1. Identify all residues within the stretch 118-171 that are free of Cβ contacts under 8 Å to residues at least 40 places away in the same chain, out of contact with any Leu (no Cβ under 9 Å at 6 or more places or on another chain) and outside any helix (DSSP H, G or I); write none if there are none.
2. Output the residues belonging to the stretch 80-90 that are surrounded by fewer than 21 Cβ atoms within 10 Å (Cβ to Cβ) and either outside the structural domain of residue 154 (by TED's automatic domain parsing) or away from ligand 1 (no atom under 11 Å from the Cβ) (or both).
3. Inside the stretch 36-62, can you point out the residues that are open to solvent by 20 Å² or more (accessible area, probe 1.4 Å) and either within 13 Å of ligand 1 (Cβ to nearest atom) or in the same structural domain as residue 244 (by TED's automatic domain parsing) (or both)?
4. So how many residues does the stretch 1-54 have that are charged (D, E, K, R) and modelled with pLDDT under 90?
5. With (1) touching a helix residue (DSSP H, G or I) at 6+ places or on another chain (Cβ under 8 Å); (2) among the aliphatic types (A, V, I, L, M); (3) modelled with pLDDT of 95 or more as the list, and residue 105 as the residue in question, which single condition is left unmet?
6. Identify, by number, the condition in (1) charged (D, E, K, R); (2) not in a helix (DSSP H, G or I); (3) not assigned by TED's automatic domain parsing to the domain that holds residue 147 that residue 17 doesn't meet.
7. Find the residue count for the stretch 187-246, including only residues that are within 22 Å of the chain's Cα centre (by Cα) and assigned to a helix (DSSP H, G or I).
8. Kindly indicate which of 371, 367, 299 is open to solvent by 20 Å² or more (accessible area, probe 1.4 Å), of a type outside the set (Lys, Arg) and on the phi < 0 side of the Ramachandran plot.
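The values are calculated or read from the model by the stated rules, or taken from the named source; none is laboratory data. Being a predicted model, the structure only gives us computed values, none of them experimental. Cβ sites come from the backbone with ideal geometry, for glycine too, and all protein chains shown count toward neighbours. Accessible surface is based on the protein model in full, side chains and every heavy atom, while ligands, DNA and RNA are left aside. Shrake-Rupley method; radii C 1.70, N 1.55, O 1.52, S 1.80 Å.
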Amino acid sequence: MGYFDSIQGRPIIRDHKALSFTYVPKELPHRDEQMKRMFSIFKSVAESGVSQNVMLHGRVGTGKTALAKRFSMEFKEWAASKNAAVEFEVVNCRRRTSNASVVLALTNHFDKHFPDRGFSVPEMLDVIKKYLIRDHIHYLVILDEADVLLRKAGSDLIYILTRFEEEELRDQGSVNLILVAQENVMDLMDEASRSTFKPSNVVTFERYTEKALYDITEQRVDLAFHPRTVDHEVMEQMAAIASETGDARRAIDLLEKSGQLAEEEGVEYVNVEHVRKANAIAYSTLDTSKLDELDRAKTVVLLSICRALRKASVVTTGEVQKVYKVVCEEHDEKPRGTTQFWKYIQDLSARGIINTKRVKQGAEGLTTHITLTEASAEDLEAELARRLGR
Ligand SMILES: Nc1ncnc2c1ncn2[C@@H]1O[C@H](COP(=O)(O)OP(=O)(O)O)[C@@H](O)[C@H]1O
Ligand SMILES: [Mg+2]
């Protein structure tokens with residue numbers, strides 16, 4: 001057995017490819033509405049050859065790129081069943097920031113070996129035109145991160161592409177633009193280009209809710225993880241953290257990192273502490289100088305919270321209070337009464353070290369749920385114990 005075989009635990013992640021950002025799942029939960037809008041806009045392209053231009057916008061991680069790709073794949077298939085030829089190409093304008101390099105990518109779609117030097121934009125457009133006419137192709141041109149191109153190169157290319165068929169193709173194919181950006185790129189276009197976009201052809205992508213992020217996470221678990229390695233509570237924790245930004249990328253990133261941490265530890269499944277650690281590695285905003293400001297009494301309370309949270313994603317004040325009594329004994333601190341204890345919790349929350357949420361609990365009324373997202377409970381506990389030991 002080799003070195004890596006001996007340190008490798010039981011695998012938890014089954015398929016890393018399904019966690020990569022370029023992977024596009026067959027279904028996109030919570031994006032049915034956008035998918036339907038796209039189809040109703042583009043249907044006429046396949047049915048009667050009328051070209052369409054559309055704009056997709058929304059914050060990072062709201063599924064714009066994934067949806068543009070999934071839609072195009074599905075649409076191509078559907079169009080084929082109607083005997084219409086659809087081709088599509090996704091161009092990332094953050095990587096291709098000049099008109100020439102965008103058009104080269106669009107040309108390479110039809111001719112992989114087309115030389116990347118020596119041809120002007122009009123010459124390349126002519127090449128594309130020949131292919132479109134020859135096979136009566138409806139070409140979906142997806143300009144992802146289109147704002148970058150618009151800022152650097154202006155809207156000339158967009159203008160040319162939206163007028164392409166009118167002047168050049170004459171019903172023997174079409175060019176259809178799908179502009180994808182975080183903002184409404186209409187504002188970055190000149191009047192002439194803007195006029196070719198119908199104001200109604202705008203599809204917006206809202207930030208995902210916690211529930212949506214849970215469903216997206218669950219789908220990835222099924223696609224990428226071994227069975228029963230990630231439970232309900234762990235997925236809830238990921239969704240809760242990612243819901244701060246409503247970003248699916250963050251949820252998937254947390255999922256992958258948590259899975260790797262669990263594998264490195266050689267344990268059988270992912271737990272909530274892996275999620276916190278993964279989050280702390282990638283996104284921690286907990287500044288340890290915040291801990292310097294805590295007196296001994298508050299440090300003991302925080303340490304108790306960390307210990308109570310080692311195995312759980314969320315705890316109640318009552319649960320923490322039980323642990324608190326033990327921790328006080330360990331550190332020779334006098335346990336404070338409930339009122340004072342409660343004030344300490346409020347203070348830690350106000351400092352942004354922990355999160356608290358009032359929730360209904362049975363007939364008894366309200367309780368407070370405490371969570372920790374900025375740091376690993378275990379790491380923070382160790383740090384606090386070190387401080388108390390001084
Ligand atoms: N509704 C969804 N269902 C499943 N995965 C999604 C969904 N929305 C986004 N994702 C995934 O989240 C990540 C970020 O999505 P992406 O389309 O790149 O966002 P954007 O382009 O809006 O920044 C990708 O890995 C993508 O596959
Ligand atoms: Mg994107």
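1. Across the stretch 118-171, the qualifying residues are 118, 120, 170.
2. So in the stretch 80-90, the residues surrounded by fewer than 21 Cβ atoms within 10 Å (Cβ to Cβ) come out as 80-85, 87-90.
Matches in the stretch 80-90: 80, 81, 82, 83, 84, 85, 87, 88, 89.
3. Answer for the stretch 36-62, where residues must be open to solvent by 20 Å² or more (accessible area, probe 1.4 Å) and either within 13 Å of ligand 1 (Cβ to nearest atom) or in the same structural domain as residue 244 (by TED's automatic domain parsing) (or both): 57, 59, 60.
4. If we filter the stretch 1-54 for residues that are charged (D, E, K, R), which is where we start, we get 5, 10, 14-15, 17, 26-27, 31-33, 36-37, 43, 47.
Those left that are additionally modelled with pLDDT under 90: 5, 10.
Final tally of qualifying residues: 2.
5. (1)
6. So the condition that residue 17 fails would be (2).
7. 26
8. Values: 367 fails: open to solvent by 20 Å² or more (accessible area, probe 1.4 Å); 299 fails: open to solvent by 20 Å² or more (accessible area, probe 1.4 Å).
Going through 371, 367, 299 in turn, just one is open to solvent by 20 Å² or more (accessible area, probe 1.4 Å), of a type outside the set (Lys, Arg) and on the phi < 0 side of the Ramachandran plot: 371.
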